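The values are calculated or read from the model by the stated rules, or taken from the named source; none is laboratory data. What you see is a predicted model; the values in this text were computed from it and never measured. Neighbour counts run over all protein chains shown; Cβ positions are idealised from the backbone, glycine included. Protein only, heavy atoms only, side chains kept; ligands, DNA and RNA dropped before computing areas. Shrake-Rupley method; radii C 1.70, N 1.55, O 1.52, S 1.80 Å.
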Amino acid sequence: ALLQPACYLSGSVLLLLMLSIPWPSIALPFTPGNIGNLFGMTESDGRILQRSKRGWMWNQFFLLEEYAGNDHQYVGKLHSNMDKGDGTVKYVLTGDGAGTLFLIDEKSGDIHATKRLDREEKAMYTLHAKVLDRSTNAELEPDTEFNIKIHDINDNEPKFAREIYFASVPEMSEVGTSVVTVTATDADDQTYGNSAKLVYSILQGQPYFSVDSENGTIKTALPGMDREVKENYQVVIQAKDMAGQMGGLSGTTTVSITLSDVNDSPPRFANRKKTSSYVSTEIGGAIGHIKADDPDVGRNAEMEYSIVGGHDTFNIITDQTTQEGVIVIKKALDYESKRDYEFRVEVKNTYLDARFIHGLQFKDYATVRVTVEDVDEPPVFTRNPYIIEVHEDTAAGSFVGVVSARDPDADNKPVKYSIDRHTDLERLFNIDSVNGTITTLKALDREMSKWHNISVVATEINNPRQTTRVPVFIKVLDVNDNAPEFAMSYDTFVCENVKAGQLIQTISAVDTDEPLVGHKFVFSISPTNPNFTIVDREDNTANIVTRRGGFSRREMNMYFLPVVISDNDYPIQSSTSTLIVRVCACDSRGNMQSCNPEVLPFSDGLTTGALVAILLCVIILLMIVVLFAALRRQRKKEPLIISKEDVRDNVVSYNDEGGGEEDTQAFDIGTLRNPEVMDANKLRRDIIPEMLFPFRRTSPIKDNTDVRDFINGRLQENDSDPTAPPYDSLATYAYEGSGSLAESLSSLESAATEGDQDYDYLSNWGPQFKKLAEMYIGRSVDREA
């Protein structure tokens, strides 16, 4: 078997020439060792073509990547001793890329690559080859594995991981201080040649920075770089392969380097003299700001301000946000006392860098001058607050105390006083608006309120907006004006079988007054009390003790014991409280069993006859009461028409249902005029007939009697007549007075017949009587016709 491979570019031409010359006259067989010797390679060389163990082919081929040959790049040739050149042998190729990347000529065994290969994609392909009989497909040579290795060429430039890097280095760093390391990678084979050997160089950034050519470390190259002069730098780094030789490929990246701050600059005042004018006197208020300049940033620019030697009136604090010194008031300013102040302010860095403190003063000074301006200030009280004491029960208008305020300005304007009535809702006090004297408007009672808190307002008369309030606390002092009394309500009882000298109750007292030396009460009862006595215990309590024994509920079931309680203050107050002592039945141990009075028997004085007599008296009294009530029901009723002038015609009010049209007997005007024609035996149907009283004929009345006199006469008769109409019937008769232009409308004094009447005068009464005139005048005409 003979293998004719393609080798490196330097030996491939010779190999191709050798393969193109017929060798019949050469008897030298081509063995692996001979081919290796032919190309100057030994078996120990990594690039030697070694045969497989089966011996019919070589196990490795070499191929340059990106080979710029024909479309089908020749790789090598397979040949078997079984191939006689008559076309009966067929070569078969399988494995990585067989049939796609690599093709084999079945007859000749030539292997070709179908496209250009890239070692960075895949560096070696493993394939299998075997020889078959074309007619029978019998295997003439066994399946043998071989490799096709792609040799590298420099076709990839170096690449950095990022297009731009960011780094920082402290300002004022020494030369050679490392800033950052940037590295590039090359996809070419690092084990073969210089295709992947990189060299770094700086294209932009001199003379401030340099770069290590082997590892890409950027370092400072210039001493004393000051951030306050220039802070940012742009550095361009190049990486080139082929060890930096000409023809090598390169790549670049940009590094943005920032100088970080160090405290190398002390603070300085731009203006070493500061003047401030202040018009307010509020303690803690700011009157001005002062600021020093420090070109450093961050912590290195933090400053602290202070007043040299301190100051009683002013203080300075540092605003951590703006790094300013704020001058504030420690003590109230008074224009009238002092108008100008001057002091020195010191500023220094709070953080110092030991590398730069030598030879530099990291502090500065400035002089501050403060001028106080005059303002119209509100009145000022001589005290704040006022505490005044006054005795209770003082009369209205009594003196309480005096408050005083003045205008602190140089003009010393007059001030008026008033009480804020929101603090004196009960209007207990008054104040003189001129001199500030406080007096009472009502008597004060300490037991109602011990303290009164009011607010007094002082106002400038010329400028009412300038006001000042001051609290006035009025303490009401105690006067012994209340008498002591029982501390509680006592439920006291004494047993019937009690013995003399036995304790039945312990009492105590309270007093709303508060004497300075404390309470001391004296208890006493009448010394002539035969039943009880009192023993003062000298601790504001007293014991009630029996004088005798043998109490009886039959004799008296309750005793009222007046106890006199006195205090020891001046003037002495005393009161009498009544202690109620019930007499109760008790057991032998003194425990109460019952306090109800016993029922007394009647055998001592009352007999059965006496009880019957008492019962009869009670019955007689009841009968008298019933008779009196019946008589009151028969009492005369009040007349329905009280005034003589209240007389109306034919107005009847019924509170019950009447008899209809047949009810004409109760009020017959003709009967009233002629009582002699009244049927004495005719009964009225609108009332229940009563035969208890005989019928009484009324006296006749003369004709042409005035209706008013007639009505009054009948009214008197009916008021005294028990047979009068029922009370739910009302008859009123209108009587027109003599002063009316129309005279009386009553028909009582009219002519006996309607024909005697002339109604023509109705037409003269006006439109109000037009309808009435038409009715009566028309009837008169019809009657004449």
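Which trypsin sites (Lys or Arg not before Pro) from region 406-483 combine a DSSP loop assignment with at most 16 other Cβ atoms within 10 Å?
R427, K442, K450, R465
Quick check on region 255-400: take the gyration tensor over C-alpha atoms, sort the square-rooted eigenvalues as a ≥ b ≥ c, and tell me if it's rounded (a/c under 1.5), prolate or oblate.
Taking the square roots of the gyration eigenvalues as a ≥ b ≥ c, region 255-400 is prolate.
So, in Å, what gap is there between the alpha-carbon centers of region 353-389 and region 484-562?
Centre-to-centre (Cα) distance: 74 Å.
My understanding is that a pair violates if its Cα-Cα distance is over 30 Å; which of K77/K197; K274/K330; K413/K442 do that in this structure?
K77/K197; K413/K442
Keeping all protein chains in place and using 1.4 angstrom, which order do C586, C617 fall into by accessible surface area, from largest down?
Details: C586 20, C617 80 Å².
Accessible-area ranking of C586, C617, largest first: C617, C586.
Specify whether the C-alpha gyration tensor of region 114-170 places it in the rounded, prolate or oblate class, a ≥ b ≥ c being the square roots of the eigenvalues: rounded for a/c under 1.5, otherwise prolate if a/b is larger than b/c and oblate if not.
Working: a/c = 6.08, a/b = 4.62, b/c = 1.32.
Prolate.
Quick check: Cα centre of region 84-135 to Cα centre of region 136-204, how many Å?
Result: 32 Å between the Cα centres.
Counting other Cβ atoms within 10 Å of each Cβ, which chymotrypsin sites (Phe, Trp or Tyr not before Pro) in region 543-592 have at most 11 and sit in a DSSP loop?
Nothing satisfies the criteria.
So which GluC sites (Glu not before Pro) in region 99-164 are both in a DSSP loop and have at most 15 other Cβ atoms within 10 Å of their Cβ? Kindly include the intermediate steps, with their values, before the conclusion.
Details: sites: E106, E120, E121, E139, E145, E163; in loops: E106, E120, E121, E163.
Those that pass, being in a loop and sparsely packed, are E106, E120, E121, E163.
What is the set of long-range amide H partners of N557 at a cut-off below 5 Å, with H atoms built 1.01 Å from backbone N?
none
If you consider only alpha-carbon coordinates, what radius of gyration and Dmax does region 332-482 have, in Å?
Spelled out, the Cα radius of gyration and Dmax of region 332-482 are 26.0, 88 Å.
Order of 235-242, 708-715 by packing, highest average Cβ count within 10 Å first?
235-242, 708-715
Pop a pseudo-label 7 angstrom from the Cα along the beta-carbon direction at both D340 and A585 and give the gap in nm to one decimal.
Each label point lies 7 Å from its Cα, and together they span 10.8 nm.
As an exercise, take the mean of 1/r over every pair of distinct alpha carbons in region 507-589, invert it, and state the Kirkwood radius in angstroms.
The answer is 14.5 Å.
Grab the other residues whose beta carbon is less than 13 angstrom from that of M225, score K and R as +1, D and E as -1, and report the net.
With Lys, Arg at +1 and Asp, Glu at -1, the net is -4.
Assign one of three labels to region 324-367, namely rounded, prolate or oblate, based on the Cα gyration tensor with a ≥ b ≥ c the square roots of its eigenvalues; rounded applies when a/c is under 1.5, prolate when it is not and a/b is larger than b/c, and oblate otherwise.
Taking the square roots of the gyration eigenvalues as a ≥ b ≥ c, region 324-367 is prolate.
On a 1.4 Å probe surface of the protein chains, which of E171, E485, E141 comes out largest in accessible area, and what is the full order?
The ranking, largest first, comes out as E485, E141, E171.
Would you work out which of V131, S173, N156 lies farthest towards the positive end of the dipole of region 111-199, given +1 charges on the beta-carbon of Lys and Arg and -1 on that of Asp and Glu, about the Cα centre?
Final value for the positive-end residue is V131.
Around V498, what is the net charge, scoring Lys/Arg as +1 and Asp/Glu as -1 over all other residues with Cβ under 15 Å from its Cβ? Before the final figure, lay out the partial values.
Values: positive: K499, R547, R548, R553, R582, R589; negative: E496, E555, D587.
Net of charged neighbours comes to +3.
Summing Lys, Arg as +1 and Asp, Glu as -1, what charge do residues with Cβ under 13 Å from the Cβ of Y559 carry, Y559 excluded?
Once all neighbours under 13 Å are counted, the net charge is +2.
Place the peptides 620-631, 77-88 in order of packing, highest mean first, counting for every residue the other Cβ atoms within 10 Å and averaging per peptide.
In decreasing order of mean packing, 620-631, 77-88 become 77-88, 620-631.
For region 402-542, calculate the relative contact order in percent as a whole number, restricting contacts to Cα pairs under 8 Å that are 6 or more residues apart.
With pairs under 8 Å counted, the relative contact order is 17 percent.
List every residue whose amide H lies under 5 Å from the amide H of A286, counting only residues 5 or more places away in sequence or on a different chain, with H placed 1.01 Å from N in the peptide plane.
Excluding prolines and chain starts, which carry no amide H, there are no hits.
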